[in-house]
Amino acid sequence: MRGFAAETTMRINEPKAFLFRVARNLAISEVKKKARSTTDYFEDSGGPEVLEDKSAVSADAEIDGKKKLAALSMAIANLPESHREILLMRKVQNLKHKQIATRLNISVSSVEKKVGIALLLCNDYLRKKGYDLSDFGQPAQKQRISSITGEGIRPAQERTDTGND
């Protein structure tokens with residue numbers, strides 16, 4: 001209609017370009033109108049299957065997840081300060097071992113050991129609280145911590161050296 005009305009008031013030299021310009025302007029007008037609208041058109045939503053929330057979690061799963069998060073938070077809170085700081089830098093801030101070592105002015109080896117010890121301590125804490133580590137995305141550990149000393153962790157089964165070279 002607009003194209004016909006425009007033809008009566010002026011001469012159109014390039015009809016193909018003129019039609020494309022009219023179509024473009026109509027599309028822009030429609031988008032602007034939808035932007036001012038308070039609701040979307042149902043046909044733009046993709047159909048009734050969009051209304052289903054497939055990511056919805058059951059109430060039991062949500063409560064279980066919150067309990068696990070609280071247990072993990074307690075496990076991390078119970079870590080020695082230096083181990084907790086390094087573990088959070090590694091897992092939360094996603095820093096590399098070298099970056100952590102540089103920031104804390106310690107060796108990369110110390111960072112690696114403290115991250116490992118922190119993870120073992122968290123695993124042991126969660127096991128003692130009755131959680132299965134596979135619930136936290138961890139494979140079951142074969143080795144348990146028997147005691148923690150001032151120097152570090154001593155595994156339940158000590159490694160034996162046969163002396164044969």
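Take the conditions modelled with pLDDT of 65 or more and either out of contact with any Gly (no Cβ under 8 Å at 6 or more places or on another chain) or β-branched (Val, Ile, Thr) (or both) and apply them to residue 158. Does it pass? So residue 158 fails the test. Tallying residues that are within 23 Å of the chain's Cα centre (by Cα) and surrounded by fewer than 17 Cβ atoms within 10 Å (Cβ to Cβ) within the stretch 64-97 yields 18. Residues that are outside any helix (DSSP H, G or I) and without any contact (Cβ under 8 Å) to a residue 24 or more places away in the chain were ranked within the stretch 113-137; the one that is nearest to residue 100 (Cα to Cα) is 137.
The values are calculated or read from the model by the stated rules, or taken from the named source; none is laboratory data. Keep in mind that this is a model prediction, so the values were computed, not measured. Note: ideal-geometry Cβ built from the backbone for every residue, glycine included; neighbour counts use all protein chains shown.
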